[in-house]
Ligand SMILES: C[S@@+](CC[C@H](N)C(=O)[O-])C[C@H]1O[C@@H](n2cnc3c(N)ncnc32)[C@H](O)[C@@H]1O
């Protein structure tokens, strides 16, 4: 059980941005979606409700994991989702076909080597608001939020080339 503080506090992705994340991911029922730093589980719960996909949420904060588990039960999708209290930097997510992130720039960069090490070519990665340094995204999508701000989504597909570089 991790006993260190979260690297970033809980800041939920607004529902209108969740919708665009799920559309951008192009989900199908074979997908396994990981949310690394899943907060209250809202992205995975919406994915399971809309697309019937399976998901794994990892959060270092016990209260968030409890909350996410509870909300998934309430939403009737707990058979599709698992929430684990874990440090995402020590987690195994190699079975993911889609990875969702809402962290910070330096946290994305710290995670990048693990993404290249663990994930299979073809895995889609979507990061809310922050890029991955010199790894250029395939798509950038901007969404006006109901709070009058603009959310930015960065989308990558893990290429064979990167899988070869890491080998
Ligand atoms: C900005 S919130 C995003 C929540 C959710 N993904 C969303 O978009 O609504 C970041 C989450 O990451 C979690 N977190 C921070 N550091 C972490 C770490 N090292 N391992 C796992 N979770 C972490 C926090 O507890 C928080 O719930």
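The values are calculated or read from the model by the stated rules, or taken from the named source; none is laboratory data. Since the structure is predicted, the reported quantities are computational estimates derived from the model, not experimental observations. Cβ coordinates were reconstructed from backbone atoms using ideal geometry, including for glycine residues, and neighbour counts include every protein chain displayed.
Out of all the residues in the stretch 68-81, is one or more in contact with a strand residue (DSSP E or B) (Cβ under 9 Å, 6 or more places away or on another chain), modelled with pLDDT of 95 or more and under 19 Å from residue 103 (Cα atoms)? Within the stretch 68-81 (the criterion being in contact with a strand residue (DSSP E or B) (Cβ under 9 Å, 6 or more places away or on another chain), modelled with pLDDT of 95 or more and under 19 Å from residue 103 (Cα atoms)), the answer is yes, since at least one residue qualifies.
Just so you know, in the stretch 41-62 the residues that are crowded, with 24+ Cβ neighbours inside 10 Å, more than 6 Å from the ligand (Cβ to nearest atom) and more than 9 Å from the chain's Cα centre (by Cα) include one that is nearest to residue 12 (Cα to Cα), and it is 41. Kindly establish whether residue 130 is outside any helix (DSSP H, G or I), within 16 Å of the ligand (Cβ to nearest atom) and closer than 19 Å to residue 47 by Cα. Spelling it out, it is not the case that residue 130 is outside any helix (DSSP H, G or I), within 16 Å of the ligand (Cβ to nearest atom) and closer than 19 Å to residue 47 by Cα. From the list 153, 109, the lone residue that is more than 17 Å from residue 21 (Cβ to Cβ) and modelled with pLDDT of 95 or more is 109. Among the residues of the stretch 95-104, the one identified as near the ligand (Cβ under 9 Å from one of its atoms), part of a loop (DSSP other than H, G, I, E, B) and either free of Cβ contacts under 8 Å to residues at least 40 places away in the same chain or within 15 Å of residue 44 (Cα to Cα) (or both) is 102. Among the residues that make up the stretch 107-122, is at least one of them part of a strand (DSSP E or B) and either touching a helix residue (DSSP H, G or I) at 6+ places or on another chain (Cβ under 6 Å) or within 11 Å of the ligand (Cβ to nearest atom) (or both)? No, the stretch 107-122 has no match at all. Please verify whether residue 85 is more than 10 Å from the ligand (Cβ to nearest atom) and either under 15 Å from the mean Cα position of the chain (by Cα) or modelled with pLDDT of 95 or more (or both), treating the condition exactly as stated. No; evaluated as a whole, the condition is false for this residue.
Residues checked against (1) surrounded by 13 or more Cβ atoms within 10 Å (Cβ to Cβ); (2) on the phi < 0 side of the Ramachandran plot:
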site	(1), (2)
5	no, yes
9	no, yes
20	yes, yes
39	yes, no
72	yes, yes
76	no, no
86	yes, yes
103	yes, yes
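Output the residues belonging to the stretch 1-38 that are free of Cβ contacts under 8 Å to residues at least 40 places away in the same chain, under 22 Å from residue 94 (Cα atoms) and either in contact with a helix residue (DSSP H, G or I) (Cβ under 6 Å, 6 or more places away or on another chain) or within 13 Å of the ligand (Cβ to nearest atom) (or both). Selection gives 22 alone. When residue 90 is tested against (1) touching a residue at least 12 places away in the same chain (Cβ under 8 Å); (2) more than 15 Å from the chain's Cα centre (by Cα); (3) more than 13 Å from the ligand (Cβ to nearest atom); (4) loosely packed, with under 14 Cβ neighbours inside 10 Å, exactly one condition is not met: (3).
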